[in-house]
Amino acid sequence: MRESKEFANQLFNALARPRGITSASLLKDELREFWEQITDESFDVRLETFFDMVDIDGDGQITEGEVKEIILLSASANKLSKIQNYAKEYATLIMEELEAENLGYIQVYIFFPTTAIESPPLLVTPRSIELLT
Ligand SMILES: [Ca+2]
């Protein structure tokens, strides 16, 4: 049950952060927006929701530590203990595949090419290094 709560918290944060919602409670209209996003079956919306879930600190970059966390969270919520044992290795493989230019993180434009122009300059932050260690 604890695992489901953690997964739900991660999903809530992924839906709340882009909307600037910082409280733990929602207004009726906000709840409707959450529901519409969760039930939207379009690939783009699902990918956006997934990206926001993986990008735990909301900085627009996905670090290896964040990839490992979402693997652990998904495996835990689905009771896949063997996957939990290999989360770090899977995260490393995903980073090797998607991390361009060996920056230490996956850039958002890999998932959303049209946002590249609007994105700020991408830097390796102390936070992303912390998550890798
Ligand atoms: Ca991040």
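No lab work stands behind these numbers, since they all come straight from the coordinates. Because the structure is predicted, anything quoted here is derived from the model rather than measured. FYI the Cβ positions are ideal-geometry reconstructions off the backbone, even for glycines, and counts take in every protein chain you see.
Non-local amide H neighbours of Ile106 (under 5 Å, H modeled in plane, Pro and chain starts lacking H): which ones?
Ile62, Thr63
Once phi is turned into θ = phi - 60°, what whole-Hz ³J(HN,Hα) does the Karplus curve with 6.51, -1.76 and 1.60 give for every residue of segment 36-47, x standing for Gly and Pro?
Along segment 36-47, the couplings run 4, 5, 5, 8, 5, 9, 6, 4, 4, 5, 5, 5 Hz.
Using θ = phi - 60° and the Karplus curve 6.51 cos²θ - 1.76 cosθ + 1.60, what whole-Hz ³J(HN,Hα) does each residue of segment 4-9 get, with Gly and Pro shown as x?
5, 5, 4, 5, 5, 4
May I ask you to sort Ser76, Ser25, Ser4 by Cβ crowding, counting other Cβ atoms within 10 Å and putting the fewest first?
Lowest count first: Ser25, Ser4, Ser76.
Can you list residues from other chains, or at least 5 along the same chain, whose modelled amide H is less than 5 Å from the amide H of Leu26?
none
Kindly write out, for segment 72-77 in residue order, the coupling ³J(HN,Hα) from the Karplus curve 6.51 cos²θ - 1.76 cosθ + 1.60 (θ = phi - 60°), rounded to whole Hz, with x marking Gly and Pro.
3J(HN,Hα) across segment 72-77, in whole Hz: 4, 5, 5, 5, 5, 5.
Translational diffusion coefficient, Stokes-Einstein: compute it for segment 1-111 using the Kirkwood radius over C-alpha pairs as Rh, at 25 °C and 0.890 mPa s, and state it as an integer in µm² s⁻¹.
Roughly 164 µm²/s, to the nearest whole number.
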